[in-house]
Amino acid sequence: MNALYKLKNINLNYLLNGNNIKILKNINFEIKKNERVAIIGESGSGKTSLLMLMSGLETPTNGSIIFDKEDLSKINEKRRTEIRKKKIGLIFQQFFLIPNYTALENVMFPMQINKINNEKEKAISILEDFGLVNRKNNLPSELSGGEQQRVAIARAISFDPEIVLADEPTGNLDSKNTELVSNLLLEYSRKKKICLILVTHNMNLARKCDRIMKLMDGQIKL
Ligand SMILES: Nc1ncnc2c1ncn2[C@@H]1O[C@H](COP(=O)(O)OP(=O)(O)O)[C@@H](O)[C@H]1O
Ligand SMILES: [Mg+2]
């Protein structure tokens, strides 16, 4: 089985004012290599929490998250950070670009920390693919929301990660930019054979993925 992720019996609880709140309940699923999976579900159903676990930014209360043969719930913080840096691209609703870096510098950044050669040429080439090469020397504050998110996608995908985790990447965009940005993300992940987990409220977008998983009240409903 060429699974990239195996989540087994995952539970995530938070202690809030002495109460144990169950955020994720007995989650089990696998993600194959080069698969695009949409995660849908109402606000508060646990989608962001699930991505936090899959990125190793959070650890589960119990259960295991095997990613590329390593259990993210068993290894230390340092190793989790290393794995994230090398193998996981993250995209958020709020873009989170580095404000004092140009578009080009933002895209080059993960390639630089991963010591990838010819990072400038590669960044320019992806900015070209994303229709942004004429904006390469602009700061994020000089770009529109759609342009900022295209830069964020270029940054998340430029270093050839194993997977891109995108948390409502079009949540702050108008319908025209939603279409543009999501098509770029899906096409690029197909072209480069990079796995994609896409959290979205947009059913048109979810249907363009290979598979849809629904979260309801912290549980997967198939
Ligand atoms: N750090 C936290 N402490 C306590 N509760 C949290 C924390 N983070 C999220 N929650 C709760 O977990 C539930 C799921 O949240 P979240 O994963 O953000 O859902 P979604 O992304 O689907 O909207 C919500 O009820 C939220 O209030
Ligand atoms: Mg969320």
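The values are calculated or read from the model by the stated rules, or taken from the named source; none is laboratory data. A quick note: this is a predicted structure, and the numbers were derived from the prediction, not measured. Backbone-built Cβ (ideal geometry, glycine too); neighbour counts: all protein chains shown.
Is it true that Phe95 is modelled with pLDDT under 95, away from ligand 1 (no atom under 12 Å from the Cβ) and not hydroxyl-bearing (Ser, Thr, Tyr)? Here the answer is yes, as Phe95 does meet what is asked. Among the residues of the range 99-133, the ones that are part of a helix (DSSP H, G or I) and either touching a helix residue (DSSP H, G or I) at 6+ places or on another chain (Cβ under 9 Å) or of a type in the set (Ser, Thr, Tyr) (or both) come to 21 in all. So, in the range 60-87, exactly how many residues are in contact (Cβ under 8 Å) with a residue 40 or more places away in the chain and in contact with a helix residue (DSSP H, G or I) (Cβ under 8 Å, 6 or more places away or on another chain)? Number of matching residues: 4. Among the residues making up the range 120-143, those that are free of Cβ contacts under 8 Å to residues at least 12 places away in the same chain and not aliphatic (A, V, I, L, M) are Glu121, Ser125, Glu128, Asn134, Glu142. In the range 148-187, how many are out of contact with any Cys (no Cβ under 9 Å at 6 or more places or on another chain), assigned to a helix (DSSP H, G or I) and over 14 Å from Gln93 (Cβ atoms)? Summing the residues that are out of contact with any Cys (no Cβ under 9 Å at 6 or more places or on another chain), assigned to a helix (DSSP H, G or I) and over 14 Å from Gln93 (Cβ atoms) in the range 148-187 gives 12.
When you check Ile163 against the structure, is it aliphatic (A, V, I, L, M), buried (at least 19 other Cβ atoms within 10 Å of the Cβ), over 16 Å from the mean Cα position of the chain (by Cα) and under 22 Å from Glu35 (Cα atoms), yes or no? So Ile163 fails the test. If you filter the range 174-203 down to residues that are within 16 Å of ligand 2 (Cβ to nearest atom) and of a type outside the set (Val, Ile, Thr), you find that the one that is nearest to Ile40 (Cα to Cα) is His201. Looking at Lys214, Lys193, Lys176, Lys221, can you tell me which residue is basic (Lys, Arg), within 16 Å of ligand 1 (Cβ to nearest atom) and exposed (fewer than 15 other Cβ atoms within 10 Å of the Cβ)? Result: Lys221 is the single residue among Lys214, Lys193, Lys176, Lys221 that is basic (Lys, Arg), within 16 Å of ligand 1 (Cβ to nearest atom) and exposed (fewer than 15 other Cβ atoms within 10 Å of the Cβ).
When the range 190-220 is limited to residues that are in a loop (DSSP other than H, G, I, E, B) and hydrophobic (A, V, I, L, M, F, W, C), the one that is nearest to Val164 (Cα to Cα) turns out to be Ile194. Of the set (1) surrounded by 21 or more Cβ atoms within 10 Å (Cβ to Cβ); (2) at positive phi, all apply to Asn34 but (1). Counting the residues of the range 38-57 that are closer than 13 Å to Leu12 by Cβ and out of contact with any Pro (no Cβ under 8 Å at 6 or more places or on another chain) gives 10.
The condition of being touching a Lys or Arg at 6+ places or on another chain (Cβ under 9 Å), in contact (Cβ under 8 Å) with a residue 24 or more places away in the chain, within 13 Å of ligand 2 (Cβ to nearest atom) and part of a strand (DSSP E or B) holds for only one of Ile31, Ile39, Ile23, that being Ile39.
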